[in-house]
1. Run the dipole for region 113-227 about the Cα centre, Lys and Arg Cβ at +1, Asp and Glu Cβ at -1, nothing else charged, and hand back the magnitude in debye, nearest 20.
2. Could you calculate the contour length gain from Leu117 to Asp134, that is, 0.36 nm times the residue separation minus the distance between their Cα atoms, to one decimal place in nm?
3. Arrange the peptides 262-274, 195-207 so that the one whose residues have, on average, the most other Cβ atoms within 10 Å appears first.
4. What whole number of Å gives the distance from the Cα centroid of region 244-320 to the Cα centroid of region 86-144?
5. I need the calculated FRET efficiency for the pair Leu164 and Arg95, taking r as the beta carbon distance and R₀ as 35 Å, to the nearest 0.05.
6. Under the Karplus relation 6.51 cos²θ - 1.76 cosθ + 1.60, θ = phi - 60°, what is the ordered set of whole-Hz ³J(HN,Hα) values for region 221-227, x standing for Gly and Pro?
7. Quick check: pseudo-label points 7 Å beyond the Cα along Cα→Cβ at Tyr65 and Arg304, how many nm apart are they?
8. Taking 56 Å as R0, compute the FRET efficiency from the Cβ-Cβ separation of Leu224 and Glu264 and round it to 0.05.
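The values are calculated or read from the model by the stated rules, or taken from the named source; none is laboratory data. All of these numbers come straight from a predicted model, not from anything done at the bench. Because the Cβ atoms are built from the backbone with ideal geometry, glycine has one as well, and the counts that use them run over all protein chains shown. Surface accessibility is based on the protein's heavy atoms, side chains included, excluding ligands, DNA and RNA. Shrake-Rupley method; radii C 1.70, N 1.55, O 1.52, S 1.80 Å.
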Amino acid sequence: MNQSTATLSNRNGPNGHTESNNANSTPSALTRSRFNKIKRHSTFQMLNSKGFTQTSQLNYFQRIYLLYSLPKLQEFFISVDHRSIWRRHLAWSLRDGDHLRNAVTGRFASNMVFMSLLLGTEIGVLFSPSKPADAFRKALDEASYGQLDFWAGIILCISIGMTLSTLLANFTAWAIVGAVSPQNSHAILRSSIGLYAAQLPARLVLLSIYCFVVTVALFIFILLPRVWCFIIAIFPIALIGHIVFVYSAFGRLVMYTKAMRREEIFECEEEDSMTPKRLFEALLKRSHEEKARDTPLPLFYKTRTEITEQISNLRSRSDFVENGWDGEDGGRKSGGSEDYLEKILEVDDVVAIPDFRSDDEREQEQEEGALRNSIEIMPQSPLETISFG
């Protein structure tokens, strides 16, 4: 090995990491402990210990903050998959008509099973021979508006009617949408009536679930003492809220990262090099970039080549007037289509994730990066440093 290159001995330190015997490989101003810390975080040591080369850069609370800043306010009460934006993304992201139709009708099938079970439960409660059921049936018969049993029975009857309507909507939508050919799936499901027809069963499912939850909460207040009813009722409500929060944020992550289309989000080698937390952070960064860009949905899943070709075809038409690029809307002036493409497609100039690090952490990272660039700590053969035994 060349004498000018820093060499590493085969002797291991107390932590199992290779230590250097060549004192000339470190600057005089840097202590040995500082140098060993840099070595322990080298790429090869990380690959040897964890199997990855990119580790997380944010802590747990920073990742959660970035995740929960993706959904809109109403999506903390209604999960995003029950909103029309979810089906619009399905209609524009899935290029295969058969795949799009199956994705929509598959939801109808699962809703049918769930609503059937829910309807059986509600009817069983309404006609149950138990004492609480007798109490609210008596309150309904006597029209006792001041009793909680009366309103529990009213909400239960409304919930049964809502569940029956949901079953009818899902059964009908399943039959009609399933009859659409794959060649015409996009034309039907991208239209306003197609989106409404596909969204109506999901809205009824959500209303049925919330009516049932209110009914259960009222029965808890009827049967339990005041202190215990609040404690027990808060638990399922909080759990349902947590489920809605998580899946609304996760659904937005799926939409913003374009995970519905068939193309990969990351290259295979890049994806394999990241730890699960680091991969989560990369997805968050991509999501916030797309959210800040606010690309119109018809252009969201198109490539730069496809959009440029579409604009060229429009300009070749005799009746085309380039008013769409005129005015002060986002700087879209006449002849500025390329600038607009840069705005909605490029990611370099978009500030997506705030830097939570302190000044000391930034300076430390800069010093460590400069040290890695100035000092040769890697031997000629990686096998001399890495032990997979």
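1. 260
2. Taking Leu117 through Asp134 to full extension adds about 3.8 nm, to one decimal.
3. 195-207, 262-274
4. 33
5. 0.40
6. Working through the residues one at a time gives 5, 6, 8, 10, x, 4, 5 Hz.
7. For the pair Tyr65/Arg304, the computed spacing is 3.3 nm.
8. E(calc), rounded to 0.05, equals 0.60.
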